[in-house]
Amino acid sequence: MAQTSPRVEILLAVYNNAPHLRALLQSLLEQSFDDFHLIVSDDASTDDSLAIIDEMTPAFRNPVEVIRRARGSGSAKANFAFLTRHAADRGQADIVCWCDADDVWKPEKTALLMQALRDREAVLGRDVPLYVQSDVHVVDAQLRMIDPSFAAFKKINPAEAHLLPRALISPHGLGCASAFNAALLQRLTDIPVDEVTGHDWYATLVALCFGAVHHIPEQTVLYRQHGGNSSGQKRVGLFSYPASKLRMMYEVRRRVEIRRRQAQAVITVFGDQLPPEAIRLITRFVATRGQNPIARRWVLWREQLLYPDRLRNTALMLFA
């Protein structure tokens with residue numbers, strides 16, 4: 001008996017993306033695995049985004065669902081949270097991919113991520129929440145190469161992507177280069193948008209608490225940086241922090257607090273459903289908010305709540 005393909009749903013969040021949307025949709029049409037279901041949520045665009053969608057979507061293998069929102073959600077992560085809940089409520093997807101409207105997918109992206117997920121499910125089981133991510137090429141508005149590897153650009157160590165303590169401090173990938181299974185989808189029905197830095201970062205934390213995160217080394221996306229991105233990325237380096245000592249201290253502590261809020265959101269949503277070790281670790285991290293600097297830095301170091309690079313860890317230990 002021939003093996004049936006899983007139902008793959010690609011969730012595309014759109015808001016005034018007309019300058020780049022045509023290239024993205026064309027790259028989806030050129031996927032080597034084309035038996036996917038595209039679901040688009042337009043966040044009340046005022047440009048030609050919907051006209052481009054209406055023009056190009058009839059060419060897809062499967063009918064495209066277009067949700068035309070009369071009122072904007074307020075952010076890309078809120079739009080993705082809406083799409084994710086929509087997919088979960090339908091309950092048809094076996095594999096879900098998030099899609100940014102200003103990127104370009106390489107032809108093999110869907111097939112690679114789908115196979116990686118199926119391979120992990122074969123080992124761990126379909127009931128285990130799984131999140132798979134790849135690397136990407138960082139490019140400018142004209143698709144000229146900025147850095148061939150996002151991991152190098154952000155000084156990410158993909159070998160640490162499966163470690164919850166590291167993920168609480170630093171994301172190890174991008175939602176636009178990820179895929180996840182139905183078991184994880186059902187745990188992402190209510191993403192606490194106001195408390196999390198990103199829907200994708202939050203998803204990796206949930207996956208690490210209840211299942212697993214897996215990284216593949218291939219670059220599957222041209223990740224476009226054009227100045228209008230909802231979450232623009234900067235190269236990690238010596239100038240990642242302000243030169244002033246006081247400004248640097250403020251910035252380090254601000255970033256740690258953002259991460260505490262996101263970690264607290266995981267406990268707020270799942271509570272006692274979380275494994276005991278995850279509760280212990282996240283609770284210890286959140287509790288550093290009220291500790292003196294020496295105690296706070298000791299907890300960060302002891303629990304390995306660290307960045308993947310020496311520069312940021314030095315700033316963390318000096319100023320957190």
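The values are calculated or read from the model by the stated rules, or taken from the named source; none is laboratory data. Computed from a predicted structure; not experimentally measured. Cβ placement follows ideal geometry from the backbone for every residue including glycine, while neighbour counts extend to all protein chains displayed. Just the protein is used for accessible areas: all its heavy atoms, side chains included, with ligands, DNA and RNA removed. Shrake-Rupley method; radii C 1.70, N 1.55, O 1.52, S 1.80 Å.
List of remarks:
- Of residues in region 294-312 being farther than 15 Å from R260 by Cβ and not in a loop (DSSP other than H, G, I, E, B), the one least open to solvent (accessible area, probe 1.4 Å): R312
- All positions within region 58-72 that are of a type in the set (D, E, K, R) and either within 22 Å of the chain's Cα centre (by Cα) or more than 13 Å from V40 (Cβ to Cβ) (or both): R61, R71
- Only one of the numbered conditions (1) more than 26 Å from T314 (Cα to Cα); (2) open to solvent by less than 60 Å² (accessible area, probe 1.4 Å); (3) modelled with pLDDT of 95 or more is violated by D272, and that is (2).
- If the condition is being in contact (Cβ under 8 Å) with a residue 40 or more places away in the chain, loosely packed, with under 14 Cβ neighbours inside 10 Å and assigned to a loop (DSSP other than H, G, I, E, B), then region 56-90 contributes no residue at all.
- For region 281-290, the criterion of being modelled with pLDDT under 95, open to solvent by 40 Å² or more (accessible area, probe 1.4 Å) and either assigned to a helix (DSSP H, G or I) or touching a helix residue (DSSP H, G or I) at 6+ places or on another chain (Cβ under 7 Å) (or both) is met by at least one residue.
- A count restricted to region 154-200 and to residues that are assigned to a loop (DSSP other than H, G, I, E, B) and over 30 Å from W298 (Cβ atoms) stands at 9.
- Screening P148 against (1) touching a residue at least 40 places away in the same chain (Cβ under 8 Å); (2) crowded, with 18+ Cβ neighbours inside 10 Å; (3) in contact with a strand residue (DSSP E or B) (Cβ under 8 Å, 6 or more places away or on another chain) leaves a single unmet condition, (2).
- Candidates are the residues of region 130-153 that are within 15 Å of the chain's Cα centre (by Cα) and not in a strand (DSSP E or B); the one that is nearest to D103 (Cα to Cα) is F150.
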